[in-house]
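Following: one structure in structure tokens, then a few remarks.
The values are calculated or read from the model by the stated rules, or taken from the named source; none is laboratory data. Please read these numbers as outputs of a predicted model, since none were measured by experiment. No Cβ is skipped: glycine too gets one built from the backbone with ideal geometry, and neighbour counts run over all protein chains shown.
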Amino acid sequence: MQSSHFLEELLWKDLREGTSVAHFSSNKKSQQIYLKKINASKPSARPVTIFLFHDLASYHGRFMGLVNFFKIQHPEINFVMMDFLGHGLSSGTRGHINDFSDLANDAASVIMSLPKKENEIWMALGQGLGALSILDLINRFDDSVKGKIDKLVLSNFILNFHSPALSIQNKLLSNLLTLSDAMKTTRLLSIYHPEEMLTHAREQAHYLEDPLIVRKPTYQTFKCINSVVKTIHQSAYFLDKPTLLLESSSPYLIPNGMNSFSKGFKKGLMSEKKYSNLKHDLYNEKDNMKVFNDIAEWMNS
């Protein structure tokens, strides 16, 4: 099992009361990762911290609806949010993942750098790419990292990115090795179209207007994700933490992929919620209160 290097002390800058930000050096040493911390507004005898890991092409701000819900309904909860390399306010080539392990390495560094109180509960919540990164972290790192995480919420992560454009690129990479480095950063495929991500026009418009959304990730990014997804089902057999699986209606999911994954869990560890009326970006849907309440009820069960 791998252990993470311990970060130097994070230098937090206050944005406003209860909210602070920091940057740290990525596993790719020349790049900087953006981190945001939102402290609970109400003390608790047993504090809870939720780590939020966003989807491909997304960033931490897509979780603010969830955060604001908990700030009102459950003000005793802390949040930590990170933008992956090449996403949001982190540096790096936009929408480019050269090696999938870089994501989990950065997430592990955050978890290692933050102190955990003796009676504190830590929960990791990931959407799509973020959920895949959490599973990679749990599989590869020792208890100094994964042992600090008590619960998991994983949503819409058995992803399916296959298209004629990707097939053509794959053939070119196989046959024209001298072009492989240049091909890795090509951007032929636009993904996550608003009408397939969100149900209502207003939310779709906000998605289109968001300047931090990546419209076209690189070919290498798709290749990394497809490779991880091929072996992700075996991860369920080794998970020993209470886990909530969330699945919405999405053309970006492998058919029955989430069902197959859930069958590998040890009895009593897995809970599952499905939302046939919500699309892929379920945290930003107009009717997302059902999702938020389901997460809160599961946490307290």
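Points worth noting:
- Scan of the range 258-283 for residues that are part of a helix (DSSP H, G or I) and either within 18 Å of Lys151 (Cβ to Cβ) or out of contact with any His (no Cβ under 8 Å at 6 or more places or on another chain) (or both), ordered by number: Met258, Asn259, Phe261, Ser262, Leu282, Tyr283
- Top-ranked residue of the range 176-204 - restricted to ones that are of a type in the set (A, V, I, L, M) and at pLDDT 95 or above, ranked as surrounded by the fewest Cβ atoms within 10 Å (Cβ to Cβ): Ala201
- All positions within the range 185-222 that are among the polar types (S, T, N, Q) and in a helix (DSSP H, G or I): Gln204, Gln220, Thr221
- All of Ser101, Ser91, Ser155, Ser113 fail the test of being buried (at least 21 other Cβ atoms within 10 Å of the Cβ) and of a type in the set (S, T, N, Q), apart from Ser155.
- Residue check, Ile225 farther than 17 Å from Val153 by Cβ and part of a helix (DSSP H, G or I): yes
- Scope the range 228-256; condition assigned to a helix (DSSP H, G or I) and either basic (Lys, Arg) or touching a His at 6+ places or on another chain (Cβ under 8 Å) (or both); matching residues: Lys230
- For the range 205-216, filtering for residues that are surrounded by 19 or more Cβ atoms within 10 Å (Cβ to Cβ) and touching a Pro at 6+ places or on another chain (Cβ under 7 Å) leaves 1.
- Subset of the range 133-147 (residues that are surrounded by fewer than 19 Cβ atoms within 10 Å (Cβ to Cβ) and farther than 16 Å from Gln234 by Cα): Asp142, Asp143, Ser144, Gly147
- Test result for Leu159, at pLDDT below 80, in contact with a helix residue (DSSP H, G or I) (Cβ under 8 Å, 6 or more places away or on another chain) and of a type outside the set (S, T, N, Q): no
- Asp55 being over 26 Å from Leu188 (Cα atoms) and either free of Cβ contacts under 8 Å to residues at least 24 places away in the same chain or among the acidic types (Asp, Glu) (or both): no
- The range 185-212, residues that are more than 11 Å from Asn284 (Cβ to Cβ) and among the β-branched types (Val, Ile, Thr): Thr185, Thr186, Ile191
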